[in-house]
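The values are calculated or read from the model by the stated rules, or taken from the named source; none is laboratory data. Since this is a predicted model, take the numbers as computed values, not measurements. Cβ coordinates were reconstructed from backbone atoms using ideal geometry, including for glycine residues, and neighbour counts include every protein chain displayed.
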Amino acid sequence: MITISLIRALLEENSVTITGLGTFYVKKIPAQIKEDVIYPPQNIIEFEYSKEVEGFDFVSKLSKWEQIRIDEAQAQISEWLDLLEKGLEHSKSVFFDDFGTFSKDSSGKMVFQGVINAQLNIENEGFDPVSISSKNKEKNHPNIEQPVKDKRVILTKKTKKRDKFWFVLIIFLALATLGALLLKDTIYRYYQTVFIKNEVNLAVKELEDEIAAYISGIVEAEDLISTEDLVLNKDKIDENKDKAEVIPPKPSKSNDVYLSYQAGKYYVIAGSFANEADALRHIKEKKLEKYHAKLIVHPDNPRIRVSIGVFDNENDAKEFAAQIDKNYWVLK
């Protein structure tokens, strides 16, 4: 808000000029006595109206404080002036918090009545008006026997009380900070003992549960596979009592793990891999040695495939693959 920036500018300089409006300046009023009341010194805002003045300095300060361009700062000031003019057209006065009231006199000239702003009166903080009672008036002419009291004691009483409060608060905060620094190692060890230990125990328990569930799943899967193999074999024997059991051709007794690809043959494939190590691991994990598993490479594809049977026709190959695993397929 423009009035906030005006106060900030008045704290840096005694006067601020706004183009097309006038000049604001700080007036220092010394302590004075009015109607039996002692008023402390005050700094108030005075205003001198003038449509002819120009003030670029305030535009520059507003641009710097708000981090905006010069033209944007000037636009904000112009907008505030328009609002002020329109406000005075619809009402007798326009009031701004912690700043003052604008109005117009009978001649149409803009006048301003400032209020006591706390920021401009920091040096006078704590001083309040003090009333002079009738007894105090009598003390203005004291007898020789009566001691003269210093009126400054009354003016600074509240200030001393406030200073005492801040002193106690600062001491308390200093002791609290010192205590925290001395106990930081103990607090950290307590945190490690209670919170981190609990988190580790929880993580270990979750890991143990996952391992137990994984092992249980493997056991159940093996049992299920064994049962399915028994049922499948039994059904196959019952259906083909008069037929010979389909047995994949046995490879030669050579120690070579690879099988040469022959066009016109049908290979039952149990897996396809990018390297030999993964293919051999698959044979061991799936226990495919009983099918005399071999490795085969197609001339048109560099991937290494695991073959568990070679047939002369596609139907026999597909039937054998279905008996072992429905996911196995036939390579022509």
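For region 65-77, indicate whether the set of residues that are in contact with a strand residue (DSSP E or B) (Cβ under 7 Å, 6 or more places away or on another chain), within 24 Å of Gly108 (Cα to Cα) and of a type in the set (A, V, I, L, M, F, W, C) is non-empty. Yes, that holds for at least one residue. One residue stands out in region 60-83 among those that are in contact (Cβ under 8 Å) with a residue 40 or more places away in the chain and hydrophobic (A, V, I, L, M, F, W, C): the one that is surrounded by the most Cβ atoms within 10 Å (Cβ to Cβ), namely Leu62.
Of the residues making up region 84-99, one or more are of a type in the set (D, E, K, R), under 47 Å from the mean Cα position of the chain (by Cα), closer than 30 Å to Glu125 by Cα and in a loop (DSSP other than H, G, I, E, B).
Condition check ((1) in contact with a His (Cβ under 7 Å, 6 or more places away or on another chain); (2) modelled with pLDDT under 90; (3) over 30 Å from Ser131 (Cα atoms)) across all residues:
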{"position": "Arg8", "(1), (2), (3)": "no, yes, yes"}
{"position": "Glu35", "(1), (2), (3)": "no, yes, no"}
{"position": "Asn43", "(1), (2), (3)": "no, yes, no"}
{"position": "Ile68", "(1), (2), (3)": "no, no, yes"}
{"position": "Lys86", "(1), (2), (3)": "no, yes, yes"}
{"position": "Asp97", "(1), (2), (3)": "no, yes, no"}
{"position": "Lys104", "(1), (2), (3)": "no, yes, yes"}
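For region 257-310, the tally of residues that are over 52 Å from the mean Cα position of the chain (by Cα), surrounded by 16 or more Cβ atoms within 10 Å (Cβ to Cβ) and without any contact (Cβ under 8 Å) to a residue 24 or more places away in the chain stands at 2.
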